[in-house]
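Single-structure report; data block below.
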Amino acid sequence: MQLVVARIGRAHGIKGEVTVEVRTDEPELRLGPGAVLTTDPASVGPLTIETGRVHSGRLLLRFEGVRDRNGAEALRNTLLIADVDPDERPEDEDEYYDHQLIDLDVVTEEGEQVGRIAEISHLPTQDLFVVERPDGTEVYVPFVEEIVTEIDLEEQRAVIDPPPGLIDDHAVRDEDAGGHGAPSRDAGDEA
């Protein structure tokens, strides 16, 4: 399975380094020296990471064969993609990859069917499950331990303990809005 792990930003300096927008919780694993990554657009890669370092809070990478600013600038906005075993799990047992959570059934602790996870939205403060309800509407469930009480990959379900209004108010808002569904959102990218 392929996962986008970073996007190349601006060139840094004159020796071929680039800034990188990290899109993985495991940059040391996915973006270390020697890692070979496919790219989007494919014509740019594959790219092999030669060196990496943090400078002023940003990850800087240099790729094999890229030795100057012009070569680095030509890579700008390229997505870096890692091949990941679909059965691989993050090191922390309480962490999950997006592809493991997508399509899980979402049920309350009382067993009430809420819907299925259609998407994971990664926000600066927390992640959200975008849950598609059986009637086609969406509800946003914060992926925090107080609300998502259990992830059972074998049973393919996420158990939630929603605070008052998280699920019920959503249905009322959709009806009040004339049944137009959830507010629009920008499409996110998987990490």
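Some notes on this structure:
- Among the residues of this structure, Val130 does not count as one that is more than 30 Å from Leu31 (Cβ to Cβ) and either open to solvent by less than 30 Å² (accessible area, probe 1.4 Å) or in contact (Cβ under 8 Å) with a residue 24 or more places away in the chain (or both).
- The strands (runs of 3 or more DSSP E) located wholly in segment 1-100 that include 1 or more residues which are of a type in the set (Phe, Trp, Tyr) occupy 58-63.
- Set side by side, the residues Arg69, Arg58, Arg23 differ, and just one is closer than 24 Å to Val130 by Cβ, basic (Lys, Arg) and touching a residue at least 24 places away in the same chain (Cβ under 8 Å), which is Arg23.
- Filter result for Gly16 (open to solvent by less than 50 Å² (accessible area, probe 1.4 Å), modelled with pLDDT of 90 or more and in contact with a Gly (Cβ under 6 Å, 6 or more places away or on another chain)): yes
- Which numbered condition Val159 fails, given (1) at pLDDT 90 or above; (2) over 22 Å from Leu3 (Cα atoms); (3) in contact with a Phe, Trp or Tyr (Cβ under 9 Å, 6 or more places away or on another chain); (4) hydrophobic (A, V, I, L, M, F, W, C): (3)
- Verdict on Ala35 being over 26 Å from Asp127 (Cα atoms), touching a helix residue (DSSP H, G or I) at 6+ places or on another chain (Cβ under 6 Å), surrounded by 16 or more Cβ atoms within 10 Å (Cβ to Cβ) and of a type in the set (A, V, I, L, M, F, W, C): no
- Segment 104-143: number of residues that are over 15 Å from the mean Cα position of the chain (by Cα) and of a type outside the set (A, V, I, L, M, F, W, C): 17
- Scanning segment 1-13 for residues that are more than 21 Å from Leu29 (Cβ to Cβ) and surrounded by fewer than 16 Cβ atoms within 10 Å (Cβ to Cβ) returns Arg10, Gly13.
- Among (1) over 30 Å from Glu138 (Cα atoms); (2) out of contact with any strand residue (DSSP E or B) (no Cβ under 8 Å at 6 or more places or on another chain) - the single one Glu110 does not satisfy: (1)
- Number of residues in segment 167-179 that are assigned to a loop (DSSP other than H, G, I, E, B) and either at pLDDT 90 or above or over 14 Å from Glu110 (Cβ atoms) (or both) equals 3.
- Look at (1) open to solvent by less than 70 Å² (accessible area, probe 1.4 Å); (2) at pLDDT 90 or above and you find that Arg116 fails only one, number (1).
The values are calculated or read from the model by the stated rules, or taken from the named source; none is laboratory data. Source: prediction; values computed, not measured. With ideal geometry, Cβ positions are generated from the backbone for all residues, glycine too; neighbour counts draw on all protein chains shown. Heads up: the accessible areas ignore ligands, DNA and RNA and are worked out on the full protein's heavy atoms, side chains in. Shrake-Rupley method; radii C 1.70, N 1.55, O 1.52, S 1.80 Å.
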